[in-house]
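Below is one structure, written out as structure tokens; the observations come after it.
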Amino acid sequence: MESDRRKVYVEVNVTHRPDGTARPNFIKFENDEKYEIDRVIQKCRAASTKVGGTGIRYTIQICGKPTFLFDEKRKVVCRSKILMVGGFVT
């Protein structure tokens, strides 16, 4: 359910290209779990209506499932869902 979502600040590995664009490669949670970002679907300025906040929203795909990353003034937030197995995947 969407109510299971929460705001989690994450470490993000990003490639910055000479043309000024950036591409997030993987995210790392506080418990050191890493998830590779399969692809970036979209990048736009937006607000997070589910967990609060505003900034640059990256619509990304992790493990075949779409989710969002928000770049909030250089703090990156992942809209996360806690799974029963202890991992963080949406």
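Structure notes:
- Members of the stretch 2-18 found to be modelled with pLDDT of 90 or more and not hydrophobic (A, V, I, L, M, F, W, C), listed by number: Glu11, Asn13, Thr15
- Reported count of residues in the stretch 56-90, each being at pLDDT below 85, surrounded by 11 or more Cβ atoms within 10 Å (Cβ to Cβ) and more than 12 Å from the chain's Cα centre (by Cα), is 3.
Here's the yes/no breakdown for (1) farther than 11 Å from Leu69 by Cβ; (2) of a type outside the set (Gly, Ala, Ser); (3) within 12 Å of the chain's Cα centre (by Cα):
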{"residue": "Val10", "(1), (2), (3)": "no, yes, yes"}
{"residue": "Asn13", "(1), (2), (3)": "yes, yes, yes"}
{"residue": "Asp19", "(1), (2), (3)": "yes, yes, no"}
{"residue": "Pro24", "(1), (2), (3)": "no, yes, yes"}
{"residue": "Glu33", "(1), (2), (3)": "yes, yes, no"}
{"residue": "Arg39", "(1), (2), (3)": "yes, yes, yes"}
{"residue": "Lys43", "(1), (2), (3)": "no, yes, yes"}
{"residue": "Ala47", "(1), (2), (3)": "yes, no, no"}
{"residue": "Lys50", "(1), (2), (3)": "yes, yes, no"}
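The values are calculated or read from the model by the stated rules, or taken from the named source; none is laboratory data. Just so it is clear, the structure is predicted and the values come from calculations on it, not from any experiment. Cβ atoms come from the backbone with ideal geometry, glycine included; neighbour counts cover every protein chain shown.
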